[in-house]
Amino acid sequence: MNKNDQDFLVQKIRTQYTEKEHTGLDELKELDIKVKRPANVCAYIFGSIGAIIMGAGMSLVMTDIAETVGIANPMLYGIVIGLVGMFMAIINYPVYKGILSARRKKYADRIIALSDKIMKN
């Protein structure tokens, strides 16, 4: 191992143990995450629930689970349950955009001010 490789490795290990300076860019990244995370979490959960409900409706129609449960007309119930799940999956994106838009409006002033401050320096 030559001297340059050794110095690079030492510097790399050393940076793991030194205190990192909190910059404006770090704060800007944190604010961006704070804006997007609730919308993403809601979209994942709401979309997953919609898909599960739609799958449950399809299962009622396509399998003999209805007989086991004791449902007399599984076609009607399966279609209705499947449509509810499909409706949830369809409105998932507009709900996501609405939450994201509201969060962007809430934090826009702070993000713009901080980004202007970072770009001027």
Only one residue in 39, 43, 66, 72 is more than 30 Å from residue 115 (Cα to Cα) and surrounded by 13 or more Cβ atoms within 10 Å (Cβ to Cβ). Which one? 66
Taking region 107-121 as the search range and keeping residues that are touching a residue at least 24 places away in the same chain (Cβ under 8 Å) and assigned to a helix (DSSP H, G or I), which one is nearest to residue 49 (Cα to Cα)? 107
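Hand me the list of helices (runs of 4 or more DSSP H) wholly inside region 1-81 holding 2 or more residues that are in contact (Cβ under 8 Å) with a residue 40 or more places away in the chain and within 30 Å of residue 108 (Cβ to Cβ). If you could, list the steps in order and put the result at the bottom.
Numbers: elements: 3-17, 24-62, 65-69.
Correct list: 24-62.
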Those residues that are buried (at least 16 other Cβ atoms within 10 Å of the Cβ) and among the hydroxyl-bearing types (Ser, Thr, Tyr), I need them from region 82-114; list them, please. 96
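Can you find, within region 64-109, the residue that is nearest to the chain's Cα centre (by Cα) among those that are hydroxyl-bearing (Ser, Thr, Tyr) and at pLDDT 90 or above?
Step one: list which residues in region 64-109 are hydroxyl-bearing (Ser, Thr, Tyr), which gives 68, 77, 93, 96, 101, 107.
Subsequent filtering for residues that are at pLDDT 90 or above retains 77, 93, 96, 101, 107.
Numbers: 77: 31, 93: 12, 96: 9, 101: 14, 107: 18 Å.
The residue in question is 96.
The values are calculated or read from the model by the stated rules, or taken from the named source; none is laboratory data. Computed from a predicted structure; not experimentally measured. Cβ sites come from the backbone with ideal geometry, for glycine too, and all protein chains shown count toward neighbours.
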